[in-house]
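Read through the structure below, which is laid out as structure tokens, and then see the notes.
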Number of protein chains: 2
Amino acid sequence: MSDGPRTQTQPTTDEARTLVDSGLERDAMVTLFGRCTVDYEGRAASTLGPGDRLVVLKPDGTVLVHTDEGQQPVNWQPPGCSHDVMTEGSTLVVRSERSTPEELLVVRFERLDHAVAYDGTDASDLALTGTEDDLRKRILDEPSLIEPGFEPRATERDTPAGAVDIFGADADGAAVVVELKRRRVGPDAVGQLTRYVDALERDLHAGREVRGVLVAPSVTDRARRLLAKRGLEFVPLEPPE
Amino acid sequence: MSDGPRTQTQPTTDEARTLVDSGLERDAMVTLFGRCTVDYEGRAASTLGPGDRLVVLKPDGTVLVHTDEGQQPVNWQPPGCSHDVMTEGSTLVVRSERSTPEELLVVRFERLDHAVAYDGTDASDLALTGTEDDLRKRILDEPSLIEPGFEPRATERDTPAGAVDIFGADADGAAVVVELKRRRVGPDAVGQLTRYVDALERDLHAGREVRGVLVAPSVTDRARRLLAKRGLEFVPLEPPE
DNA sequence: AGTTGCATCTCGAGC
DNA sequence: GCTCGAGGTGCAACT
């Protein structure tokens with residue numbers, strides 16, 4: 001059963017520090033809301049002036065600093081950090097640090113409105129459909145979706161340029177490289193397919209043609225032009241469901 | 001100044017619905033915590049069984065569903081959605097919907113532990129250094145970092161394959177394409193540079209050599225081999241700060 | 001609204 | 001630990 005969350009409204013810094021410390025100690029998720037500044041240094045470096053934000057501390061070492069806009073946190077720290085909460089006078093300070101790479105995030109609360117520690121468990125896994133893997137299964141199940149006579153020979157076949165999604169042969173026995181994308185593609189996907197085709201043409205007997213087929217729901221104009229210039233093909237196909 | 005957040009512990013569904021509705025009405029950030037299931041359908045589709053999660057609703061239409069692990073939300077909705085909160089018996093239900101593309105997220109709370117509406121403002125912008133743009137400025141400031149005699153002629157020069165980061169000439173007057181990356185690069189960056197070099201070699205007088213230079217802190221083995229095979233060059237350089 | 005490429009991308013799988 | 005590519009990527013800039 002649940003006790004409900006430990007919550008404090010307009011707490012003193014000492015009260016809040018205790019709530020955060022004990023919360024993280026027992027693997028709770030902790031949220032803080034108030035006016036704060038944020039400094040980050042690591043792979044890049046940033047500063048953020050004062051503003052009202054929601055700060056989420058997870059027991060796995062994650063930190064998220066969310067403003068009232070946008071899906072992405074304005075600042076963050078990935079899982080694996082060690083959180084450290086302290087007081088500097090009447091200021092609550094959260095330091096989250098990790099190594100490899102060395103990164104430090106510091107949040108300083110000029111004003112703290114609210115602190116909560118949430119205890120909970122989550123045993124469920126997300127079930128997601130409509131991925132590139134679903135598209136691959138669809139093709140392996142019905143190879144003629146690529147073209148009549150297409151025969152898959154390998155998935156994730158390795159080349160000096162990386163792993164090919166599907167490698168196979170056409171009705172004439174020619175090698176075919178298939179690159180899959182779950183959504184409309186641009187020039188980057190053409191570059192990827194090009195790399196694979198080039199690598200296999202060098203790997204296999206010189207002179208043997210290797211066909212390259214891009215499979216996606218659709219392509220942009222520029223991508224279509226690049227495909228044509230490189231002699232590559234496009235098959236429109238969507239992931240199932 | 002601040003009244004402090006409106007907060008409810010173990011609220012009834014009606015109480016919570018009112019708090020969420022009025023909170024979003026006045027552009028507050030709203031958080032809910034409890035045992036819930038999540039269903040999503042749009043660019044893909046997903047289901048998530050019951051578990052304890054933190055749900056964040058932003059006034060710009062963002063939804064975030066966070067478990068106690070990971071930096072990324074297990075489910076979400078981007079800005080621009082319209083939130084709808086309702087009750088199904090004793091169950092609180094949040095529906096967030098948008099168009100282009102058509103997407104729907106539904107969160108159903110079997111048990112609701114806590115609801116908060118946070119009022120706040122944030123006028124500060126993030127100041128970030130160490131980006132690719134900083135690296136570009138560094139090179140334009142001191143072109144000899146590429147090589148003695150290098151002269152930048154254009155940034156973001158357009159080609160049929162996309163825009164080139166820096167286009168210039170070497171001491172002999174030969175065309176040089178520079179591709180910048182703020183961090184260690186793999187085969188994808190080589191493919192990108194290859195596309196640009198190929199495009200420019202066709203655009204400029206045939207026969208004129210176009211050099212391709214990848215600028216990054218470092219490259220992977222595979223990327224280095226691909227560079228060599230394509231006759232491209234690498235200059236190790238990091239963004240400033 | 002569509003395109004293009006960056007991102008402190010994150011994440012998982014493979015090695 | 002590093003490498004590589006997918007992602008419901010998000011996001012800004014530009015057309």
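How would you classify the stretch A:138-241 from its alpha-carbon gyration tensor, with a ≥ b ≥ c the square roots of the eigenvalues: rounded for a/c under 1.5, else prolate if a/b is greater than b/c, otherwise oblate?
Numbers: a/c = 1.58, a/b = 1.12, b/c = 1.41.
Judged from the Cα gyration tensor, the stretch A:138-241 comes out oblate (a/c at least 1.5, b/c at or above a/b).
Counting only C-alpha contacts under 8 Å and six or more residues apart, can you give the relative contact order of chain B as a whole percent? Don't jump to the answer; show the numbers that get you there.
Values: 495 pairs, mean separation 37.5, N = 241.
That works out to 16 percent.
Read phi for every residue in the stretch B:140-145 and hand back ³J(HN,Hα) as whole Hz from Karplus 6.51 cos²θ - 1.76 cosθ + 1.60, θ = phi - 60°, with x for Gly and Pro.
Whole-Hz 3J(HN,Hα) from phi for the stretch B:140-145: 5, 6, 9, x, 5, 4.
List the residues whose amide H sits under 5 Å from the amide H of A:L92, counting only those 5 or more places along or on another chain, with H placed 1.01 Å from N in the peptide plane.
A:F109
Suppose every Lys and Arg Cβ carries +1 and every Asp and Glu Cβ carries -1, with no other charges. What dipole size does the stretch A:132-236 come out with about its Cα centre, to the nearest 20 debye? Provide the component values of the computation, followed by the final result.
Numbers: 18 positive and 20 negative charges, 103 e Å.
With only Lys, Arg, Asp and Glu charged at Cβ, the dipole is about 500 debye.
By how many degrees, between 0 and 90 and to the nearest 10, does the Cα long axis of helix A:13-25 differ from the longest principal axis of chain A?
40
Hey, got a sec? Which chymotrypsin sites (Phe, Trp or Tyr not before Pro) in the stretch B:106-174 land in a DSSP loop and have at most 16 other Cβ atoms within 10 Å? Don't skip to the answer; put the middle values down first.
Working: sites: B:F109, B:Y118, B:F150, B:F167; in loops: B:F150.
Filter output for the stretch B:106-174: empty list.
Per DSSP H run of n ≥ 4, the term is -39500 (n - 2.57); total these for the protein assembly as shown, divide by its residue number, and report the mean residue ellipticity at 222 nm rounded to 500 deg cm²/dmol. Provide the component values of the computation, followed by the final result.
Numbers: 8 runs with 99 residues, N = 482.
Helix contribution divided over all residues of the protein assembly as shown: -6500 deg cm²/dmol.
Go through B:Y118, A:L226, A:A216 and say which Cα lies farthest out towards the positive end of the charge dipole of the protein assembly as shown; charges sit on Cβ, +1 for Lys and Arg, -1 for Asp and Glu.
A:L226
What residue in chain B has the Cβ closest to the axis turning B into A, and how close is it in whole Å?
Taking Cβ atoms only, the nearest residue and its distance are B:G191, 2.
To the nearest 10 degrees, how steep is helix B:221-230 against the longest Cα principal axis of chain B, on a 0 to 90 scale?
Rounded to the nearest ten degrees, it is 40.
Report, for A:D158, each distance to the same residue's label point in the other copies, shortest first and in nm; define the point 7 Å along Cα→Cβ.
For A:D158, the inter-copy label distances come out at 4.3 nm.
Output the relative contact order of the stretch A:6-118, whole-number percent, from Cα pairs under 8 angstrom with separation of 6+ residues.
Values: 274 pairs, mean separation 41.0, N = 113.
It rounds to 36 percent for the stretch A:6-118.
Let me know the shape class of chain B, please: from the alpha-carbon gyration tensor, a ≥ b ≥ c as square roots of the eigenvalues, rounded when a/c is under 1.5, otherwise prolate if a/b is greater than b/c, or oblate. Display every interim value, and only then the final one.
On the way: a/c = 3.35, a/b = 2.67, b/c = 1.26.
Here chain B falls in the prolate category.
I'd like the distance between the alpha-carbon centres of the stretch A:138-161 and the stretch A:5-32, rounded to an integer number of Å.
54
For the stretch B:66-81 and the stretch B:166-241, what is the centre-to-centre distance using only Cα atoms, to the nearest Å?
With the stretch B:66-81 and the stretch B:166-241 each reduced to a Cα centre, they are spaced 37 Å.
Rounding to the nearest 10 and keeping the result within 0 to 90°, find how far the Cα-based axis of helix B:187-203 lies from the longest principal axis of chain B.
Relative to chain B, helix B:187-203 is tipped by roughly 50 degrees.
In the stretch B:1-137, if the dipole is taken from +1 on Lys/Arg beta carbons and -1 on Asp/Glu beta carbons about the Cα centre, which of B:V85, B:P50, B:L19 is farthest to the positive end?
Positive-end residue among those listed: B:P50.
How far is A:D21 from itself in the other copies, in nm, if each label sits 7 Å out from Cα along the Cα-Cβ line, shortest first?
4.3
For peptide A:52-60, compute the average count of partner chain beta-carbon atoms within 10 Å of each residue's beta-carbon.
On the way: counts 9, 5, 9, 0, 6, 0, 7, 2, 5.
Mean inter-chain Cβ contacts per residue within 10 Å come to 5.
In debye to the nearest 20, how big a dipole does chain B give about its Cα centre with +1 on each Lys and Arg Cβ and -1 on each Asp and Glu Cβ? Can you show the working numbers first?
Details: 29 positive and 44 negative charges, 175 e Å.
It works out to roughly 840 debye.
Can you list the HN-Hα couplings for the stretch B:132-137, worked out from phi with the Karplus curve (6.51, -1.76, 1.60; θ = phi - 60°), rounded to whole Hz and with x for Gly and Pro?
4, 5, 5, 5, 4, 4
Kindly flag which residue pairs out of A:K229/B:K137; A:K58/B:K137; A:K229/B:K229 have an alpha-carbon separation exceeding 32 Å in this structure.
Values: A:K229/B:K137 34 Å; A:K58/B:K137 37 Å; A:K229/B:K229 21 Å.
Table pairs above 32 Å Cα-Cα are A:K229/B:K137; A:K58/B:K137.
Distances in nm, one decimal, shortest first, from A:T129 to the same residue in every other copy, taking the label point 7 angstrom along Cα→Cβ.
5.1
Under 12 Å from the Cβ of B:S22, count the other residues' Cβ atoms, weight Lys and Arg +1, Asp and Glu -1, and hand me the total.
Result for the local shell: -2.
To the nearest 20 debye, what is the magnitude of the charge dipole of the protein assembly as shown about its Cα centre, counting +1 on the Cβ of each Lys and Arg and -1 on the Cβ of each Asp and Glu?
Here the size comes out at about 1280 debye.
Across the residues of A:178-187, average count of Cβ atoms on other protein chains within 10 Å?
Working: counts 0, 0, 0, 0, 2, 3, 0, 0, 1, 8.
Shielding by partners across A:178-187 averages 1.
Apply the a/c threshold of 1.5 to the C-alpha gyration tensor of the protein assembly as shown and tell me whether it is rounded, prolate or oblate. Mind dumping the intermediate values first?
Values: a/c = 2.60, a/b = 1.55, b/c = 1.67.
Verdict is oblate for the protein assembly as shown.
Read the figures in this text as sums done on the coordinates, not as results from a lab. Bear in mind the structure is a predicted one, so any value in this text is a computation, not a measurement. Counting neighbours? That spans all protein chains shown, and the Cβs are built from the backbone with ideal geometry, glycine included.
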